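This report refers to the structure that appears directly beneath it.
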Amino acid sequence: MIRRLGAGLAVLWAAATTSYVALLLAPGDTVDILVGDGPDTPEIRARIVAEWGLDRPEIVQYVAYLWRLLHGDLGRSYQLQRGVGEILATQVGPTAQLTLAAAAAGVALAGIIAVVTAGRGRWLRGAASAAELVSVSVPPFLIGIVLLSVFSFTLGWFPVSGAQGPAALVLPALALGLPIAGVLGQVLRGGLERALEQPFAVTARARGLTERALVARHALRHALIPAVTLAGWFTGTLLGGAVITEILFGRPGLGQVAMQAVTGRDMPVVMAVVLLSAIVYVTISTLLDLAYRAIDPRIRG
């Protein structure tokens, strides 16, 4: 775990360094880039030079930048005239709510589909595979449009946009979670079917254990390792899909902030979003290592 944490810190350093180098290598004057499309006054330019140390050698600027990050200082948006940390803090909640709900929906649907269809008749598995293929192939934004058309515009069951109440979370969570359910469902079903053919499954059946109990108590645990490995993949799917989904459903969140920062050339915010994404990946990867050891005791040795 110490080696894993060291590798995680190296990834964070690489992400911070890459974003900083990209700022320096971008065409044009660094002050112009940091100003972006915001107000451009001599006072703001002087503040940028002072805060970023642009009047000092580049190596000193770089070390000062890393030092600020270590102290939680993500800089300032000169367009919005607010601290970047403050901007992200106000938007992390809605995005975390959406991504957690989408992950929960995807994992729950995948688990139900896999347990119901594993080892069953060919027609049932074929129907499940077809549904999974469709959910994986269709982009989340198109799924969201279909969900809006059916359940909001036609039936009126859910609000069209906004983030007021649990009802407003259902459709965007499904739009993000269905592709995850499609992939995880295939992996879980394959893992369950392989596990049900292992010698321990034959022994359990001989002892009188029912098929449902065999799946729930033993086979599911063996099938979880490849599924847990995919958690890194669907973390990226959630982060990327949240940008479009939040815009489509008119929800606040980091997706809206990232889109506005990119279109408005607000580089301090863009750099902070990159670093935050790296932190999420490192955190998920570390938790996966812990999950492997909890699921399969053989890994602990």
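Readers should treat all values here as calculations from the given coordinates under stated rules, not as data from a laboratory. Keep in mind the model is a prediction, meaning the values are calculated, not measured. No Cβ is skipped: glycine too gets one built from the backbone with ideal geometry, and neighbour counts run over all protein chains shown.
Between I284 and A10, the contour length at 0.36 nm per residue exceeds the Cα-Cα span by 97.1 nm. Computed extension length for E86-I59: 7.0 nm, one decimal, from 0.36 nm per residue of separation with the Cα-Cα distance subtracted. For a modelled paramagnetic label at L25, 7 Å from Cα along Cα-to-Cβ, the residues of region 55-86 in reach, with backbone nitrogen under 18 Å, are 58-59, 62-63. Annotation for region 89-157: chymotrypsin sites (Phe, Trp or Tyr not before Pro) lying in DSSP loop with at most 15 further Cβ atoms inside 10 Å of their Cβ are W157.
For T17 and V134, the FRET efficiency from 1/(1 + (r/R0)^6), where r spans their Cβ atoms and R0 equals 41 Å, is about 0.50. Taking amide H atoms as placed 1.01 Å from N in the peptide plane, the amide H of R76 lies under 5 Å from those of V84, each 5 or more residues away in sequence or on another chain. Here the spin labels are modelled as points 7 Å beyond Cα on the Cα-Cβ line, and at V150 and E43 they lie 5.6 nm apart. Here each label is just a point 7 Å from Cα along the line to Cβ, and for Q260 and R122 those points are 5.6 nm apart.
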